[in-house]
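Written out below as structure tokens is the structure these notes cover.
The values are calculated or read from the model by the stated rules, or taken from the named source; none is laboratory data. Note that the coordinates shown come from a computational prediction; the quantities given were computed from them, not determined experimentally. Note that each Cβ is placed from the backbone with ideal geometry, even for glycine, and that neighbours are counted across all protein chains shown.
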Amino acid sequence: MPVEFLSDVHLERYGRFQGDPISFQLAKYFVLTPRDLQVIANLRFDHTRLGFALQLCTLRFLSTFLLDPTDVPVLVLRTLCEQLGLADTSGLPRYFERRTTPFDHQLLIRSHLGYHAFEGLELLKFLRWLYARVRLDDERPIALFDRCTEYLSTRHVLLPGASILARVIVVLGRAAPRGACPQVQRPCGQASLPHSRASSYRRAENRARGSL
């Protein structure tokens, strides 16, 4: 089960826009809430407000930030400009004149939206969930990759790089013994591992963490 199970299509789609968002997506992810607008109102310049709003909605939609924050559909920019009362996006390049500004804003946006890094407790929760799933189902790696992406997004965890996530799936998939999910009173993803299997989980976890 090599990391190369990811196709070029998956790599191209991962953490990126795939054309214009549909109406439902625009309403859910790109309409600025009163709370969003309250934060944006504290920014001084139009280009700063637009850049901040763009990164905020990108994270809300993709669960990650883009290396090039402007690599978004024109429809997204137009939607945000209308809400901010801006005539166009001509001032947006000024947002990047101070190189640290976008990165400083990413920290604020993460806090504002309640997103966590793929590390620490969130990483441990993910590994526990993935370990239980690998043991329970013999899913194809590519299907498991999609499920992992959905798991992280719904729990507001920043998506790691595609190769990192694929490597974790491969390593944990090889290390985790196959068998029934631990018998407990909670769902598999929240299971407490029996003592006899705890060492197997710890070995699998250590291998997966070592692959990061």
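I'd like to know if region 75-87 contains one or more residues that are of a type in the set (S, T, N, Q) and over 13 Å from Thr48 (Cα atoms).
Initially, region 75-87 is screened for residues of a type in the set (S, T, N, Q), giving 79, 83.
Checking which are over 13 Å from Thr48 (Cα atoms) leaves us with 79, 83.
Yes - at least one qualifying residue is present in region 75-87.
Of everything in region 105-129, what is in contact with a Phe, Trp or Tyr (Cβ under 7 Å, 6 or more places away or on another chain) and under 25 Å from Phe45 (Cβ atoms)? Give them in sequence order.
Residues satisfying the conditions are His105, Gln106.
Restricting to region 116-136, give me the number of residues that are touching a Leu at 6+ places or on another chain (Cβ under 8 Å) and part of a loop (DSSP other than H, G, I, E, B).
Going through region 116-136 one residue at a time, the tally reaches 2.
Tell me, which helices (runs of 4 or more DSSP H) lie completely within region 1-102 with 3 or more residues that are closer than 23 Å to Ala162 by Cβ, of a type outside the set (Lys, Arg) and at pLDDT 95 or above? Break it down stepwise before answering.
Working: elements: 8-13, 23-29, 34-40, 46-62, 74-84.
Counting at least 3 such residues, we get 46-62.
Quick grid of which residues meet (1) among the acidic types (Asp, Glu); (2) surrounded by fewer than 18 Cβ atoms within 10 Å (Cβ to Cβ); (3) under 15 Å from Arg16 (Cα atoms):
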| residue | (1), (2), (3) |
| --- | --- |
| Leu37 | no, yes, no |
| Phe52 | no, no, no |
| Gln55 | no, no, yes |
| Thr58 | no, no, yes |
| Leu67 | no, yes, yes |
| Val72 | no, no, yes |
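Mind telling me which of the residues Tyr95, Tyr29 ends up being in contact with a Pro (Cβ under 8 Å, 6 or more places away or on another chain), closer than 25 Å to Phe145 by Cα and of a type in the set (Phe, Trp, Tyr)?
Numbers: Tyr95 fails: closer than 25 Å to Phe145 by Cα.
Step by step, each of Tyr95, Tyr29 is checked, and only Tyr29 is in contact with a Pro (Cβ under 8 Å, 6 or more places away or on another chain), closer than 25 Å to Phe145 by Cα and of a type in the set (Phe, Trp, Tyr).
Looking at region 45-97, which of its residues are among the acidic types (Asp, Glu) and closer than 21 Å to Leu11 by Cβ? Before you say what the answer is, go through the steps one by one.
Let us first name the residues in region 45-97 that are among the acidic types (Asp, Glu), namely 46, 68, 71, 82, 88, 97.
Scanning region 45-97 gives Asp68, Asp71.
Here's a check for you: in region 75-87, which residue that is free of Cβ contacts under 8 Å to residues at least 40 places away in the same chain and of a type in the set (A, V, I, L, M, F, W, C) is surrounded by the fewest Cβ atoms within 10 Å (Cβ to Cβ)? Walk me through how you get there before you give the answer.
To start, the set of residues in region 75-87 that are free of Cβ contacts under 8 Å to residues at least 40 places away in the same chain comprises 77-78, 81-82, 85, 87.
When the remaining residues are screened for being of a type in the set (A, V, I, L, M, F, W, C), the result is 77, 81, 87.
Numbers: Leu77: 18, Cys81: 18, Ala87: 9.
Going through the qualifying residues, I end up with Ala87.
Does at least one position in region 41-56 carry a residue that is touching a helix residue (DSSP H, G or I) at 6+ places or on another chain (Cβ under 7 Å), within 26 Å of Arg98 (Cα to Cα) and touching a residue at least 60 places away in the same chain (Cβ under 8 Å)?
No, region 41-56 contains no residue that is touching a helix residue (DSSP H, G or I) at 6+ places or on another chain (Cβ under 7 Å), within 26 Å of Arg98 (Cα to Cα) and touching a residue at least 60 places away in the same chain (Cβ under 8 Å).
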